[in-house]
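All remarks here apply to the structure that follows.
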Amino acid sequence: MAWIQLTSIEQLRQAIQNSDVKPQLFFKHSARCIISKMALNDFEKSGVLNSQKADFFLLDLLSFREISNEISEKTGITHQSPQAILLFKNSPIYSATHERIAGIEVQSKLDSI
C-alpha cells in the first residue's frame with residue numbers, strides 16, 4: 001500500500017467521513033525536519049502500510065499547513081510535526097508525535113478493531 005497524498009480540505013473531509021467505516025491515518029510530515037524524516041522512515045519500515053484495514057494519508061506540512069490546522073480543529077489534537085493521528089468513527093484512537101510515532105502501535109490498534 002502506498003501513501004495517499006493529502007492535498008485538499010475536501011479530501012480531508014471525505015477521509016474523516018470514511019472513518020465511520022474504515023480507520024484513517026494522517027501523518028503530518030515536514031521534509032525540512034530530520035526528526036520528521038526519521039519518524040516517517042521508521043513508520044514505513046514497520047510494515048503497517050501493508051495493512052488493508054486503514055487508509056494512510058501523508059500530509060506535506062510545507063505545502064498544506066491549512067490542512068494540518070483543519071485536522072487539529074476536527075480532532076481536538078494540537079498540531080505537532082511530525083505527528084500521526086489515527087481516526088476511527090470520527091474519533092482519534094491513536095496519536096503520537098516525533099520519535100513516539102510507532103507503526104507497531106498503529107497495527108495493534110487496527111488489529112483490535
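Derivation of every value follows stated rules applied to the coordinates shown; laboratory data play no part. Keep in mind that this is a model prediction, so the values were computed, not measured. Don't worry about glycine lacking a Cβ; one is built from the backbone with ideal geometry, like all the others, and counts go over all protein chains shown.
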**Prompt:** List the aspartates and glutamates whose alpha-carbon lies under 16 Å from that of Lys37, not counting same-chain residues fewer than 8 positions away?
**Reply:** Asp60, Glu99
**Complete:** Quick calc, Asp111 & Asp60: beta-carbon distance into FRET formula, R0 30 Å, rounding 0.05, result 0.55
**Item:** Whole-angstrom gap from the stretch 26-44 to the stretch 52-75, using each part's C-alpha centre
**Value:** 13 Å
**Request:** When a/c is below 1.5 the answer is rounded, else prolate if a/b is larger than b/c, else oblate, so apply that to the stretch 4-111 with a ≥ b ≥ c taken from the square roots of the Cα gyration tensor eigenvalues.
**Result:** oblate
**Request:** Can you spot the aspartates and glutamates whose alpha carbon is less than 19 Å from Lys89's alpha carbon? Ignore those fewer than 8 places along the same chain.
**Result:** Glu10, Asp20, Asp55, Glu70, Glu73, Glu105, Asp111
**Prompt:** Rounded to the nearest 500 deg cm²/dmol, what is the calculated helix-only ellipticity per residue at 222 nm for the chain, with -39500 (n - 2.57) per DSSP H run of length n ≥ 4?
**Reply:** -11000 deg cm²/dmol
**Prompt:** Which value results for Rg/Rh of the stretch 49-88 when Rg is the Cα radius of gyration and Rh the Kirkwood radius based on the inverse mean 1/r?
**Reply:** 0.98
